[in-house]
Amino acid sequence: MRAAIPFPEISSDAFAFSIFGYEIALRWYALSYIVGILIGWWLVVQTVKRAHLWRNDTAPMTVKQVEDLATWVILGVILGGRLGFVLFYQPAYYLSNPSEILMVWQGGMSFHGGLIGVIIACVVFSWRNGIPWLSVADVLCMVTPVGLLLGRLANFINAELWGRPTDLPWGVIFPGAAAQDCAGIAAGLCARHPSQLYEALLEGLILFAVLVYLGYRRGALKQVGAITGLFFIGYGVGRFLVEFVRQPDAQFVSPGNPLGLAWHLDGYGLTMGQILCIPMIAFGIYMLMRARRQARMALAE
């Protein structure tokens with residue numbers, strides 16, 4: 001038998017409690033959202049309090065405005081994430097079942113959709129409050145990897161969004177459908193890439209460390225738009241690479257397309273995740289170049 005890591009026995013509920021006789025279970029994914037938003041809010045407040053990190057030693061918003069922004073971000077994440085999943089991954093199904101679109105407790109969420117939702121929320125909030133939206137975007141992008149880290153860890157605990165079969169020694173034997181969906185391999189012995197942990201490392205821990213270092217130690221927040229550009233590039237590249245070993249969404253897999261490619265030609269192609277990452281990377285490069293150009297122009301004045 002090939003070396004592999006058995007999946008740890010972890011309850012699908014983070015913890016359960018009772019209120020007035022009603023049993024309430026808080027699941028790991030919901031907990032990751034709650035904790036991620038709280039940590040992100042705290043980090044944004046700490047960054048706003050350090051005026052020397054910003055251009056002209058002036059933070060773009062007050063602590064009170066950060067609290068108001070949190071509400072907008074939550075709405076952007078939930079509505080954008082859900083609508084993104086509907087439009088990007090299962091549009092035909094939800095067009096036939098429109099009543100299920102807002103049932104966020106059923107089906108999935110899309111990071112790319114959530115990102116678009118947060119961008120819209122950020123722009124509208126900034127416009128209503130007379131705040132430069134790119135500076136707001138910079139500080140939000142700097143803390144977003146915390147939420148990505150926690151979310152991917154929750155995906156792993158929930159044994160969802162697993163990777164393709166592998167014979168590498170760190171392959172994980174996930175339970176349920178992951179073990180049953182390996183053609184030619186006995187159920188229960190199918191080791192897969194822990195792609196959730198790959199993403200937690202690349203899009204979460206490493207990206208967060210890089211952005212915080214650049215923002216706090218290298219003055220990147222003074223170059224408006226630079227952190228935003230670096231986030232888009234970092235996430236886009238990390239997700240693009242992990243997609244090579246991540247199990248594709250079931251709706252894209254067919255006998256003629258076993259790799260689940262959303263676009264393919266002569267045996268080569270891209271997954272939906274990779275397709276969505278390409279404009280992210282391009283936008284990130286543009287924002288980084290724009291930030292550096294404006295910084296040089298400011299020095300020349």
In what order, largest first, do MET297, MET61 sit by accessible area if the probe radius is 1.4 Å?
MET297, MET61
On the protein heavy atoms, probe 1.4 angstrom, tell me the percent of accessible surface of the stretch 61-152 carried by carbon and sulfur.
72 percent
For ARG192, other-chain or 5+-apart residues with amide H closer than 5 Å (H placed, Pro excluded) are THR166, VAL172, ILE173, PHE174
Each label point is 7 Å from the Cα along the Cα-to-Cβ direction; what then is the distance between the points at TYR216 and ARG293, in nm?
3.2 nm
Please report the accessible area of HIS112 (heavy atoms, 1.4 Å probe, ligands and nucleic acids excluded) in Å², nearest 10.
10 Å²
Under 5 Å from the placed amide H of ARG246, counting only residues 5+ away or on other chains, we find ARG164
If amide H atoms are built 1.01 Å from N in the plane of the peptide, which residues on other chains or at least 5 residues away come under 5 Å of the amide H of ARG27?
ALA14
Pairwise label distance in nanometres, ARG164 with LEU87, each label 7 Å out on the Cα-Cβ vector:
2.9 nm
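Under the 0.36 nm per residue contour assumption, what length would be gained going from the current alpha-carbon distance of ILE206 and VAL63 to full extension?
Values: separation 143, 0.36 × 143 = 51.48 nm, distance 2.72 nm.
That pair, ILE206 and VAL63, stretches by 48.8 nm at full extension.
The values are calculated or read from the model by the stated rules, or taken from the named source; none is laboratory data. Every value quoted in this text rests on a predicted model; they were computed, and no experiment measured them. All Cβ positions, even for glycine, are placed from backbone atoms using ideal geometry, and neighbour counts span all protein chains on display. Keep in mind that these areas ignore ligands, DNA and RNA; they rest on the heavy atoms of the full protein, side chains included. Shrake-Rupley method; radii C 1.70, N 1.55, O 1.52, S 1.80 Å.
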